[in-house]
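The values are calculated or read from the model by the stated rules, or taken from the named source; none is laboratory data. None of the values given here were measured: they were computed from a predicted structure. Methodologically, a virtual Cβ is constructed for each residue, glycine included, from the backbone with ideal geometry; neighbour enumeration extends over all protein chains shown. When the accessible area is computed, the model is the full protein with side chains, heavy atoms only, and any ligands, DNA or RNA have been set aside. Shrake-Rupley method; radii C 1.70, N 1.55, O 1.52, S 1.80 Å.
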Amino acid sequence: MKNRMRRLRSSETMRSLVRETSVSRKDLIYPIFVIDGENIKNPIASMPGIYQYSIDRLKEELERIDQSKIAGILIFGIPTKKDEVGSGAYDENGITQRAIRFIKENYKDMLVIADVCLCEYTSHGHCGLICDGHILNDETLPLLAKMSVSLAEAGADIIAPSDMMDGRISYIREALDENGFINIPIMAYSAKYASAYYGPFRDAAHSAPQFGDRKSYQMDIANLKEAIREVEEDIEEGADFVMVKPALAYLDVIREVANRINHPLVAYNVSGEYAMVKAAAANGWMDEKRIVMENMIAIKRAGAKIIITYHALDVAEWLAE
Ligand code: PBG
Ligand code: ZN
């Protein structure tokens, strides 16, 4: 036999010499949930290990994040008061704005990515304004822009719109520029699917729609070509990073996008993907560490540069071992 594939698998030294893909702590972004109120650390039932923190309890989590040496955090605020137009989203004293200021006062070098969307702040739970049961597109854009500017003013390092309204990237880019934030990058949730994998997140962020679903603005799960159009559009409008979300059921989309673009590509390993792994591990059905590392490698191998994941702190610990 001339070719023996097993020659390069003979030892761990040999295998690591020819390994094509790796995961680093610097690839990882950890989502955090900050809730209005005092002395709160609420576990999220469907996401074991993940909590909602009030600002006064945030320090213990921030210390853990700082120690982990991951790339940064993605912040979601949960307000107590919601209204039709999501006022809390663009209030300079809103929960997310206050949380970002607190983080930056205590950890000025921590990379803070701010999610931009109205659904946590609207009484109806949709990502845009509503009229007669329809989600309005163009009328929502100024609010997303206002929210982005106010999060940048609070100290966010990157603005990450997740709403899926058309034209939002150029609208937000212009607003950031006009307000002096020319150097704040936009991380666009570009190919964001209308996925059942967001279920646990909606418990965590209190953002479930009160009627209907998100299918008129998030992408149809069956579409790949359309994901390319979404990504191309966001790049055209000025996105600095583009994202595919969810990750594991959409590795083909990640690969296809990676083949076509030169922008940093982000994959969001979402709440439902996390919940499935945690449930199986808790039952002793799978080895959590091996499954999670396999998933991380799979997402990188598909072509993502950056992974947003609730496993980030665990992965960082395992990589440090
Ligand atoms: C808000 C938002 C969602 C997620 C991130 N930003 C939920 C949704 O669109 O319903 C999902 C994240 C996850 O499931 O981990 N628009
Ligand atoms: Zn939303």
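Brief remarks on what is shown
- Under the simplified labelling scheme, the Asp109-Asp166 pair shows an inter-label distance of 4.5 nm, with each label point 7 Å from Cα along Cα→Cβ.
- FRET efficiency estimate (nearest 0.05) - Cβ-Cβ, Glu174 to Arg229, R0 22 angstrom: 0.50
- Mean shadow area of the range 79-152 over all directions, Cα convex hull, nm²: 4.8
- Each Lys and Arg Cβ is given +1 and each Asp and Glu Cβ -1; about its Cα centre, the chain then shows a dipole of about 1940 debye.
- Among Asp132, Asp36, Asp163: highest mean-square fluctuation, GNM of the chain, C-alpha pairs under 10 Å: Asp132
- Dipole of the chain computed with +1 at Lys/Arg Cβ and -1 at Asp/Glu Cβ about the Cα centre; of Ile186, Thr13, Thr309, farthest Cα towards the positive end is Thr13.
- Note on the range 263-321: Rg/Rh from C-alpha atoms, Kirkwood Rh, equals 0.98.
- The range 31-159: mean projected area of Cα convex hull, nm²: 8.0
- Mean sequence separation of contacting Cα pairs (under 8 Å, at least six apart), scaled by the length of the range 132-190, corresponds to a relative contact order of 41 percent.
- In the chain, Cα pairs under 8 Å separated by at least six residues give a relative contact order of 18 percent.
- If you run the Gaussian network model on the chain, springs between alpha carbon atoms under 10 Å, then out of Phe241, Phe211, Phe102 the most flexible one is Phe211.
- Measuring nothing but protein heavy atoms, the accessible surface of the range 168-227 at 1.4 Å probe radius is 50 percent carbon and sulfur.
- Each part gets one Cα centre, and for the range 32-109 versus the range 153-216 those centres are 17 Å apart.
- The fraction of all Cα pairs in the range 164-268 landing in successive 10 Å bins from 0 to the largest distance is 14, 43, 33, 10, given as whole percents.
- Extension gain, Ala320 back to Asp66 (0.36 nm per residue minus Cα-Cα distance, nm): 90.1 nm
- Over the range 190-258, relative contact order from alpha-carbon pairs under 8 Å, at least 6 apart, %: 46
- Per residue accessible area of the range 203-268, 1.4 Å probe, in Å²: 50
- Within the chain, the selection of entire DSSP H helices by a Cα span of 18 Å or greater along the long axis and an average Kyte-Doolittle value of at least 0.5 returns 141-154.
- For the range 271-321, the fraction of 1.4 Å probe accessible surface lying on carbon and sulfur atoms is 52 percent.
- Here is the size of the chain from its Cα atoms: Rg then Dmax, 19.8, 71 Å.
- GNM on the chain, alpha-carbon springs under 10 angstrom: the most fluctuating residue among Arg173, Arg57, Arg19 is Arg19.
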